[in-house]
Amino acid sequence: MSTYLLVHGAWHSGEAWQRVVPLLESAGHRVFAPSLTGYGDKAHLASSATGLDTHVDDIVGLIIEEDLTEVVLVGHSYAGLVISSVANQVPDRIARLVHLDAMVPEDGESAADVQPVSQALIDLALASESGWRIPPLPELPPPSGLFGVTDPADVAWLRTLLSDHPVRCLQQPVRLDNPAVNAIPRTHIHCTVGAPEGIVRRPVPAIQPNGSPAQVWELATGHDCMITMPVELAELLLKLG
């Protein structure tokens, strides 16, 4: 039995994984898919002080509270930053990092460093009435859709999950200063359809920090693959368990 910890991206909630969780559980694995502070059942906790460090504390706290070990830690999109800093804090508890169409940072980088288009969102938030709220990105024509989701029923459901993203999440830097984190194997899963203009993906180095060859898989679908291709995503994740 493996333990999967699924971390959602910006604007989303833990409910985004609800099509994937039962597929992993039915294969005999333990699965956690929490909502980060400011989203889902914790949306009321969002504030100008909510940042990347808040979300790292959310996940580290869950790992410690549940005494989780050998964790397959999956981070979608923005949560690539979250899982990186989590692994830096508790590397002995992480069996593998999975960057799911995610930001892949270096030490000291923020979201704006990894994905420069984020700076425009930061500027808009700082100039807005709230000074810190970033509303969900708008729906675009297919194939981009709403975070890569184009089915009308799925789009309507996805809208119910979305909350504003605190600007501090995009400003705070990732910490990767623990040498032990380099030993953790990594997997990259890329969604290949409908990336909006301005979104760039860093090339994955051929050799991982632990010296093994890079493991890169692709799903021919939009960004929110846990909604559009849950079966195929679960099958990939099960290969890691």
Legend entry - Rounded percent of accessible protein surface that carbon and sulfur make up, segment 5-45, 1.4 Å probe: 52 percent
Inset, instruction - Taking the Cα centre of segment 1-102 as origin, sum charge times position over the Cβ atoms of Lys and Arg (+1) and Asp and Glu (-1), and report the length of that vector in debye to the nearest 20. - result: 240 debye
Legend entry - Å² of accessible area per residue within segment 126-194, as computed with a 1.4 Å probe and no ligands counted: 49 Å²
Legend entry - Dipole of the chain, positive end: most advanced residue of W17, P105, A183 [Cβ charges, Cα centre]: A183
Legend entry - Coordinate range along principal axes, alpha carbons of segment 102-241, Å, largest first: 46, 35, 24
Legend entry - Cα coordinate range in the chain, projected on the principal axes (Å, largest first): 45, 37, 35
Inset, instruction - Based solely on C-alpha atoms, express the radius of gyration and the Dmax of segment 65-177 in angstrom. - result: 16.0, 44
Inset, instruction - Tally up the carbon and sulfur contribution to the accessible surface of segment 124-212 as a whole percent, 1.4 Å probe, everything protein left in place. - result: 58 percent
Inset, instruction - Arrange the peptides 22-34, 143-155 so that the one whose residues have, on average, the most other Cβ atoms within 10 Å appears first. - result: 143-155, 22-34
Legend entry - Sequence-distant residues sharing a close amide H with V174 (under 5 Å, placed H): G108, E109, S110
Inset, instruction - Only bridges with both residues in the chain count here: give the DSSP antiparallel percent, nearest 5. - result: 15 percent
Inset, instruction - Would you work out the charge dipole size for segment 93-196 about its Cα centre, treating the Cβ of every Lys and Arg as +1 and the Cβ of every Asp and Glu as -1, and quote it to the nearest 20 debye? - result: 340 debye
Legend entry - Förster radius 35 Å - calculated FRET efficiency between E25 and E197, Cβ distance, rounded to 0.05: 0.40
Inset, instruction - Can you pull a Stokes-Einstein diffusion coefficient for segment 1-94 at 20 °C (1.002 mPa s), Rh from Kirkwood over Cα pairs, as a whole number of µm²/s? - result: 161 µm²/s
Legend entry - R0 of 41 Å, Cβ-Cβ distance A127-W217: FRET efficiency to nearest 0.05: 0.55
Inset, instruction - Average the reciprocal distances over every distinct pair of alpha-carbons in segment 39-105, invert the result, and give the Kirkwood radius in Å. - result: 12.4 Å
Inset, instruction - Would you mind estimating how fast segment 1-56 diffuses translationally, via Stokes-Einstein at 20 °C and 1.002 mPa s with the Kirkwood radius over Cα pairs, in µm²/s? - result: 177 µm²/s
Inset, instruction - State the antiparallel share, in %, of DSSP beta bridges confined to segment 67-200, rounding to the nearest 5. - result: 25 percent
Inset, instruction - Just round it to a whole percent: the fraction of Cα-Cα distances in segment 156-235 exceeding 20 Å. - result: 57 percent
Inset, instruction - Only Cα pairs under 8 Å and at least 6 apart count here; give the relative contact order of the chain as a rounded whole percent. - result: 24 percent
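The values are calculated or read from the model by the stated rules, or taken from the named source; none is laboratory data. This is a predicted model, so every value here is computed, not measured. Because the Cβ atoms are built from the backbone with ideal geometry, glycine has one as well, and the counts that use them run over all protein chains shown. Note: areas computed on protein heavy atoms with side chains; ligands, DNA, RNA excluded. Shrake-Rupley method; radii C 1.70, N 1.55, O 1.52, S 1.80 Å.
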